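Below is one structure, written out as structure tokens; comments come after it.
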Amino acid sequence: MRIGIICPSEIAFRRFLPALKKTDFEYVGVAYASVKEWFGENVNDASAVIIENEHKKAETFKETYGGKVFHGYEKMLTSGEIDAVYLPLPPALHYKWAKLALENGLHVLVEKPSTTSLTDTEDLVRLAQEKGLALHENYMFVYHSQIETINKTVQSGAIGEVRLFRVDFGFPDRGKNDFRYNKALGGGALLDCGGYTFKYANLLLGGNAEVKTASVLYTDKYDVEIAGSATLQNDKGQVAQVSFGMDNDYRCSVEIWGSLGTLRSGRVLTAPEGFAPSYEISKNGQTEHFEMQADDAFYKSLCHFKNCIKDENNRKRNYAAVIKQASLVEDFKKDVLSNG
């Protein structure tokens, strides 16, 4: 299974390719944008410099990991040299290039979020279904073994009956040049760190969560939402509260409050390869700590992608998961609008 990368991004170089080496995918190469693909008709004196910088990044990929360099995203997607593609582009560009990839018969691994709207995500899923292709949204934390360990601990009754789930994800300001703060590129806290909290909350609630309340926070510094929070609920009446932000003190945690105790764990959404996470259970002022195993969530997400390519049932389940995630984000937006 031959795979290529659209855009020589940091996550592709630092996380994707090291994980890919552990699989039986064949790495073909990386594409950098042509001037027209990057700027459209808005070419200026700086355009050539920016594209040349992208070219240099792509050459670094070649020097480090092999493969070839494609001058142009479309050139790679229509080359016939790949069977699958990884898209680590800013969110607003996902739909265009994922659609072109699917139209050319390629399986697609797209970074989160799948697109910036439910309508666009549904269109990609429809196209993937028609062509029998895998479409996988790379929320890799889902595949880390710590998620299963936490689930089993709660299911064992260690903290009694669950009264409340809480998921928080926020990080300090990354600076105005980061795409997350650019509205035109699909920036904003909801689609970035917010998406993580919705994904995990839905898993904790059994996969049938609904958004009950939603709020966002804006500042004068940026024209995108900088933080937000929501309450989700499942058909059993269980509740998950989520908070997220990208001008915050760093937090990446889950707290599960039970009738007998409370479980807490940090780095639950972003544990890198080699990092051994932990959790604690507190009961009436007494706290016990537990270590968990290190894992490679990116590698396991790639394995899941491969399973979706091979098996129709896995593909169908994955389609449903992608649609559910986009639906939760869309419902959040609607709730915010309805409340002014």
State yes or no: is THR115 assigned to a loop (DSSP other than H, G, I, E, B), over 29 Å from ALA294 (Cα atoms) and of a type in the set (Ser, Thr, Tyr)? yes
Filter result for LEU109 (buried (at least 20 other Cβ atoms within 10 Å of the Cβ) and not β-branched (Val, Ile, Thr)): yes
Breaking point among (1) out of contact with any Gly (no Cβ under 9 Å at 6 or more places or on another chain); (2) more than 18 Å from MET140 (Cα to Cα), for GLN293: (2)
Here is a check on your reading of the model: is VAL329 surrounded by 20 or more Cβ atoms within 10 Å (Cβ to Cβ), in contact with a Gly (Cβ under 7 Å, 6 or more places away or on another chain) and not assigned by TED's automatic domain parsing to the domain that holds ALA189? yes
Looking at the structure I just gave you, is ILE147 in contact (Cβ under 8 Å) with a residue 12 or more places away in the chain, in contact with a Lys or Arg (Cβ under 8 Å, 6 or more places away or on another chain) and either crowded, with 17+ Cβ neighbours inside 10 Å or over 22 Å from GLU54 (Cα atoms) (or both)? no
Specify the residue that is farthest from LEU205 (Cα to Cα); the eligible residues are those in the range 91-105 that are over 16 Å from the mean Cα position of the chain (by Cα) and surrounded by fewer than 24 Cβ atoms within 10 Å (Cβ to Cβ). ASN104
Qualifying positions in the range 229-243 - surrounded by fewer than 22 Cβ atoms within 10 Å (Cβ to Cβ) and touching a strand residue (DSSP E or B) at 6+ places or on another chain (Cβ under 8 Å): SER229, THR231, GLN233, ASN234, GLN238, VAL239, GLN241, SER243
What's the number of the condition LYS36 fails, among (1) in contact (Cβ under 8 Å) with a residue 12 or more places away in the chain; (2) charged (D, E, K, R); (3) closer than 26 Å to GLY105 by Cα? (1)
Please enumerate the residues belonging to the range 266-295 that are in contact with an Asp or Glu (Cβ under 6 Å, 6 or more places away or on another chain) and within 17 Å of SER156 (Cα to Cα). ILE281, HIS289
For ILE150, indicate whether it is more than 19 Å from ALA320 (Cβ to Cβ) and touching a Gly at 6+ places or on another chain (Cβ under 8 Å). no
Those residues of the range 174-187 which are crowded, with 16+ Cβ neighbours inside 10 Å and either more than 17 Å from PHE39 (Cα to Cα) or under 17 Å from the mean Cα position of the chain (by Cα) (or both), in sequence order: PHE179, ARG180, TYR181, LEU185, GLY186, GLY187
Among the listed residues ALA12, ALA48, which satisfies the condition of being in contact (Cβ under 8 Å) with a residue 24 or more places away in the chain and assigned by TED's automatic domain parsing to the domain that holds GLU130? ALA12
Could you list, in sequence order, all residues of the range 268-285 that are surrounded by 17 or more Cβ atoms within 10 Å (Cβ to Cβ) and either outside the structural domain of VAL167 (by TED's automatic domain parsing) or touching a Ser or Thr at 6+ places or on another chain (Cβ under 9 Å) (or both)? VAL268, LEU269, PRO277, TYR279, ILE281
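The values are calculated or read from the model by the stated rules, or taken from the named source; none is laboratory data. This structure is a prediction, so every number in the text was calculated from the model and none was measured. With ideal geometry, Cβ positions are generated from the backbone for all residues, glycine too; neighbour counts draw on all protein chains shown.
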